[in-house]
Amino acid sequence: IPQPRRQTMAEYNTNLRLKLPITCIVMEVIVIILFAVFVRYDTDTDARKWHKEKSHDNKSNYENDFYFRYPSFQDVHVMIFIGFGFLMTFLQRYGFSSVGFNFLIAAFSLQWATLMQGFFHGMHNGKIEIGVESMINADFCTGAVLISFGAVLGKTSPVQLLIMAVIEVTLFAINEFLVLSVLNAKDAGGSMTIHIFGAYFGLGVTRVLYRPNLDKSQHKNCSVYHSDLFAMIGTIYLWMFWPSFNSAITAEGDDQHRTAMNTYYSLAACTLATFAISAVVNHEGKLDMVHIQNAALAGGVAMGTAGEMMLTPVGSMVVGFLAGIISTLGFKYLTPILEEKFHVQDTCGVHNLHGMPGVLGATVGTITASLASAEVYGEGMKDVFPDIYEGKTTPFKQAMWQGLSMGVTMGIASIGGILTGLLLKVPIYATPPDTMCFEDNIYWEVCLCHSFCLTLASNV
Amino acid sequence: IPQPRRQTMAEYNTNLRLKLPITCIVMEVIVIILFAVFVRYDTDTDARKWHKEKSHDNKSNYENDFYFRYPSFQDVHVMIFIGFGFLMTFLQRYGFSSVGFNFLIAAFSLQWATLMQGFFHGMHNGKIEIGVESMINADFCTGAVLISFGAVLGKTSPVQLLIMAVIEVTLFAINEFLVLSVLNAKDAGGSMTIHIFGAYFGLGVTRVLYRPNLDKSQHKNCSVYHSDLFAMIGTIYLWMFWPSFNSAITAEGDDQHRTAMNTYYSLAACTLATFAISAVVNHEGKLDMVHIQNAALAGGVAMGTAGEMMLTPVGSMVVGFLAGIISTLGFKYLTPILEEKFHVQDTCGVHNLHGMPGVLGATVGTITASLASAEVYGEGMKDVFPDIYEGKTTPFKQAMWQGLSMGVTMGIASIGGILTGLLLKVPIYATPPDTMCFEDNIYWEVCLCHSFCLTLASNV
Amino acid sequence: IPQPRRQTMAEYNTNLRLKLPITCIVMEVIVIILFAVFVRYDTDTDARKWHKEKSHDNKSNYENDFYFRYPSFQDVHVMIFIGFGFLMTFLQRYGFSSVGFNFLIAAFSLQWATLMQGFFHGMHNGKIEIGVESMINADFCTGAVLISFGAVLGKTSPVQLLIMAVIEVTLFAINEFLVLSVLNAKDAGGSMTIHIFGAYFGLGVTRVLYRPNLDKSQHKNCSVYHSDLFAMIGTIYLWMFWPSFNSAITAEGDDQHRTAMNTYYSLAACTLATFAISAVVNHEGKLDMVHIQNAALAGGVAMGTAGEMMLTPVGSMVVGFLAGIISTLGFKYLTPILEEKFHVQDTCGVHNLHGMPGVLGATVGTITASLASAEVYGEGMKDVFPDIYEGKTTPFKQAMWQGLSMGVTMGIASIGGILTGLLLKVPIYATPPDTMCFEDNIYWEVCLCHSFCLTLASNV
């Protein structure tokens, strides 16, 4: 019987004992100080303000924004912590890190995002006022960081991830401000601001952190049976709650309703495309879990911009169907090329799930915006395209701004990712060596029996 | 150390490379064409219509149906994709197929159900108008297909399952139309239209697909430790969200509230009955995971018809308690008889979880309807039994229609299932051979280590 | 190859065949009789009453309490059944019992709690009127029982657990009545009534049930790789939905909104503290799953009292940060001392997760109450501190009652736990022997392959 592989790595460089606590505590203290100075309850969460406002406007409690958005918020929250967290547990020896580091960087990012998004577009009299909508926005920003985490999964330490999160959240807020407030583009579900941004930022980072000898850990960079089932928990939660994600911050009433429904049909069509393409590209005609776990979600990504528009149900299905095809083909044919030719090691294939479908979504949004007409939208134009409604712009111009926003987002994300990658190359962050990537054991107390089972199996 | 079992099956007949993609793409294209021709946003999802209606009726956004039903919809959605999907992962080598094929056929069925249910009872001026209520109904119909999937689990290819879904959804919509619109029966949570229909349809199919040599795969038709834990995820989600399922499309206000509460207490009582009977029927006095995973849910099935009625909390508990007893006894004593005497191979025991408790639920609904009185319901009669309220019928007649509906449903489901089974016997659908049932490996890329571990264990 | 360990335990004393069914059925029959006599629908769930009330008060359906609280209820429900259930699956051979017994005693406790809480503070004209708020309260009470279950996990039979539940729920209702209705303390999220009560009750029981020879089962009292991932499902669900838990029964409008948001930020800060301390207390600088699974939740416990108050977001973060530090240090340093010096064998470390953070939460609530002022709360004082608003008490006095409530809760819980422990020592409940603790095999049908794999691994 083979012996469990001995862990003989020099431990000094991956030891987190000082590096992680110092990073966490310094960051949290900074966050706490900034919250103390800048952050206040908004009207719907402040006891005095809400009761004052209510009596003035004859409002009832059910008009509190909480009841319009909290169920959507909780669905988004599940996507961030269960969805992203478990989607990445597919690796055989990296489950603790996938779900654990996802937990850590998400918990940090949502605090930092509250501040950064507040500074750029939530200031009232010098204070950041927060409520359920800012909580959703913070979770959205966190989503972009987790997408980037998917690109570098298995090759970075938690210290690196936290530093990446600080920079990415900041740039996210700047880009979001440019896209939504300067260019006045629409992107409620974040095809551009979340998915394109998160994907290209992560690809930038992983390109700079390229490891030519990553094949030394390659035997760990794959799944086992039950790790794939854990990953399916993540997939299914993301798939189910994507309608809530895209509709979480659209206008109340028909807008939220329509966005959720468009996304629902897009995802359903995407799933059939994914199964079809997964079988056809396999020589034995077998399905591949990687495709099902990921590409079936592309229909949600692709509805991030146009979901709230009058795209029609059938339009949504066509978009989802295309997204599933593009994404599955990307996993099969593009990922190996990106790694071999362009030295981009994209562990989870975020380019296929978030990058390309995000570009599709932004493009669909551009086209749909250019077709907006008073005949179709009626008074609802006010909510979807307020600038067109007020005569400040035309559908054609709106479409131009949509397209420009996509370009701006890709630029900021790629450059930001590359610069962040350079910063993360400094060898002080407890980075794993090439031989110990995709391995929980260096950062977590792991009982030996699991290692043993895997070793035993891999030696047969 | 034993070698992993070699997979020597003739691959030509289970190869999905052409069959699955063609089926998926043809079906999706048909769906897309029909959606383009027939499907439109309803008033609550259409930008123009909602804003026009709102200004006319002085409606506020919080009166949009989205806020009354979307949280329930999401709970139902979780039951369909996580609940049913993971409940069936109990088989040791069939987890990918359980959750994956569940995903595929559910994603297809909800699209097809939108069309079929729309044709039979959702047409407005020649168009099918859709919103959150039609989404819930589509998910409900999908539930029936997944119940039937449970009966044939492990013995059918995804191509067969998709064809089964096409037929079953169509017949479901016809039966639903007869029961709810012709016979005017009440069945908000679907004891009849969903559970009886899904169970007897599936039993019909599996009877025709009877495999006398299924014992060749029998060693795979059981669970391992962690597969039972995955299945418990499915069980618990179904159990928790069943109150939302039964109340999702009942009338707004007290009806949704009462239905959810009745179901909650029914399920709680059912759980105690299940544990009690599971221990008493075991010679060593040990509990059986199969019972806990399934029979504890029978209390939800049994409340599908009477849940919205004034059954009282204690009435609900008595019904749940009986459902748990019947279901557990069914798993222990009836399932082997069905297989040996009647050649019905019911993999998940859907007859025990959906069939018998569905009959109980329909019966309870019949009795409760016959007892409806103005004294108990007051003005609320309008919502629960509009025909009685308007004097079009009497409680006794309503009860007759309820009982007749149960019979009609069983008839259509059984005959439909048998005919579908005959169609699925045609050997062109990549059906697994008797020796390779309950085995992911023929349809999925599976890493060898899992096979190895199981083989190793089974040889000790 | 080593042989699977033979299960040679005398089976007569752990055989559940009569004991469990009798306990379950007797209890359920008593519950059913009491429900028949005492329990009725409340105004929002009764068809006649709601429609009558609605026409009188010109109410609309969206004012039904269902729409204010049902989404929160479902989140709480998920915490009780998935959260607590899976959190305890970390033990390698005790997953069935963790999630299964959690299911059983929760299903019983919520029924019994409906009665006990109804007797003590829900009687109207001699009847207990129930609706969504009583369902939330019943789930809350169940939470306390499950906390106590965590303390005795692996060392008790399901019969013992059911008897513990009967007593604990009863005492919970008495204590809740004293704290909320006699002392008029505020404790919406239950830092005192749920967490302190559940923890100290459980510690009392486990102290009396002390097993000096528990080391005979010690090799099973640890996790394996995938059991830790299952436990993370529980952790993440508890973490995500804690904002709903704390806000589920606070006043409508700004109160629910503010409570959810305070808890959200508290938990985020707590998570960073937990990772920091977990790394710093480990000699190799590695993270420990036990800490992440548990201590990251302490921020929710600590917000149970003050969550609805005007604590400010930054105040919440500071509380969460402290809770994470205290809890992680408790797991590392206090748990071994409790076991060795005080003979308290606390399997899940509930003292660290619920006991100490509960005391912190009660203390924060006391301080925050003492600082309440009309300037900060405005008219909102009416909802948060009605007695102060009406001039019946002062902030200082309110703080005194808060502090006293903590003491009363600890007293009743500890003494109640000790007395319950004495009752459970009677050797008639199918208690496991010292050598068979933390072992599913004595109460469940378990396939041998799992035992084999673990034995194989543990012999290397």
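The values are calculated or read from the model by the stated rules, or taken from the named source; none is laboratory data. Being a predicted model, the structure only gives us computed values, none of them experimental. A quick note on method: Cβ atoms are made from the backbone with ideal geometry, for glycine too, and the neighbour counts reach across all protein chains shown. Ligands, DNA and RNA are stripped out before the accessible areas are found, and what is left, the full protein with its side chains, is counted by its heavy atoms. Shrake-Rupley method; radii C 1.70, N 1.55, O 1.52, S 1.80 Å.
A few comments on the model shown:
- The set of residues in the range C:231-253 that are in contact with a Phe, Trp or Tyr (Cβ under 6 Å, 6 or more places away or on another chain) and modelled with pLDDT of 95 or more comprises C:A231, C:I233, C:G234, C:I236, C:M240, C:P243.
- Restricting attention to the range B:363-393, the residues that are part of a helix (DSSP H, G or I) and within 14 Å of chain C (Cβ to nearest Cβ) add up to 16.
- Pairs, first free of Cβ contacts under 8 Å to residues at least 40 places away in the same chain and of a type in the set (A, V, I, L, M, F, W, C) in the range C:255-282, second open to solvent by less than 10 Å² (accessible area, probe 1.4 Å) and not in a helix (DSSP H, G or I), C-beta under 6 Å, six or more apart: C:A279/A:L16; C:A279/C:G285; C:A279/C:L287
- C:V290 touching a residue at least 12 places away in the same chain (Cβ under 8 Å), surrounded by fewer than 24 Cβ atoms within 10 Å (Cβ to Cβ) and not charged (D, E, K, R): yes
- Any hit, the range C:181-200, residues being farther than 21 Å from C:Q398 by Cβ, part of a helix (DSSP H, G or I) and open to solvent by less than 10 Å² (accessible area, probe 1.4 Å): yes
- Unmet criterion (only one of (1) part of a helix (DSSP H, G or I); (2) out of contact with any Cys (no Cβ under 7 Å at 6 or more places or on another chain); (3) touching a residue at least 24 places away in the same chain (Cβ under 8 Å)) for C:A296: (2)
- C:M410 in contact with a Phe, Trp or Tyr (Cβ under 7 Å, 6 or more places away or on another chain), open to solvent by 10 Å² or more (accessible area, probe 1.4 Å), at pLDDT 90 or above and of a type outside the set (S, T, N, Q): yes
- Residue in the range C:346-362 that is over 21 Å from the mean Cα position of the chain (by Cα) and assigned to a loop (DSSP other than H, G, I, E, B) present: no
- Among the candidates A:L104, A:L87, the residue that is away from every other protein chain (no Cβ under 11 Å), touching a residue at least 12 places away in the same chain (Cβ under 8 Å) and among the aliphatic types (A, V, I, L, M) is uniquely A:L87.
- When C:K52 is tested against (1) in contact with a Cys (Cβ under 7 Å, 6 or more places away or on another chain); (2) facing chain B (nearest Cβ under 10 Å), exactly one condition is not met: (1).
- Condition check for A:A165: open to solvent by less than 10 Å² (accessible area, probe 1.4 Å), closer than 27 Å to A:K220 by Cβ and part of a helix (DSSP H, G or I): yes
- Considering the range B:113-124, and only residues there that are more than 10 Å from chain A (Cβ to nearest Cβ) and at pLDDT 95 or above, the residue that is most open to solvent (accessible area, probe 1.4 Å) turns out to be B:F119.
- Only one entry of A:F275, A:F245 meets the criterion of being more than 7 Å from chain B (Cβ to nearest Cβ) and either assigned to a helix (DSSP H, G or I) or surrounded by 24 or more Cβ atoms within 10 Å (Cβ to Cβ) (or both), and that entry is A:F245.
- Considering residues of the range B:281-295 that are at the interface with chain C (Cβ under 7 Å from one of its Cβ atoms) and among the aliphatic types (A, V, I, L, M) only, the residue farthest from B:A231 (Cα to Cα): B:L287
- Within the range A:278-287, the set of residues being open to solvent by 50 Å² or more (accessible area, probe 1.4 Å) and under 23 Å from A:V319 (Cβ atoms) comprises just one member, A:V280.
- Filtered by the rule that a residue be part of a helix (DSSP H, G or I) and open to solvent by 40 Å² or more (accessible area, probe 1.4 Å), the range A:413-433 gives A:I415, A:I418, A:L419, A:L422, A:L423.
- Some residue of the range C:320-333 being open to solvent by less than 30 Å² (accessible area, probe 1.4 Å) and away from every other protein chain (no Cβ under 14 Å): yes
- Considering A:F342, A:F385, the condition of being open to solvent by 20 Å² or more (accessible area, probe 1.4 Å), aromatic (F, W, Y) and in contact (Cβ under 8 Å) with a residue 12 or more places away in the chain is satisfied by A:F342 alone.
- Here the helices (runs of 4 or more DSSP H) wholly within the range C:79-154 that include at least 2 residues being of a type in the set (S, T, Y) are C:95-121, C:132-152.
- Any hit, the range B:305-316, residues being open to solvent by 10 Å² or more (accessible area, probe 1.4 Å), touching a Ser or Thr at 6+ places or on another chain (Cβ under 9 Å), at the interface with chain C (Cβ under 7 Å from one of its Cβ atoms) and within 16 Å of C:P21 (Cβ to Cβ): no
- For the range A:218-242, a tally of residues being among the charged types (D, E, K, R) and at the interface with chain B (Cβ under 9 Å from one of its Cβ atoms) returns 1.
- Identity of the residue in the range A:15-60, under 19 Å from C:N262 (Cα atoms), touching a residue at least 60 places away in the same chain (Cβ under 8 Å) and in a loop (DSSP other than H, G, I, E, B), that ends up least open to solvent (accessible area, probe 1.4 Å): A:T45
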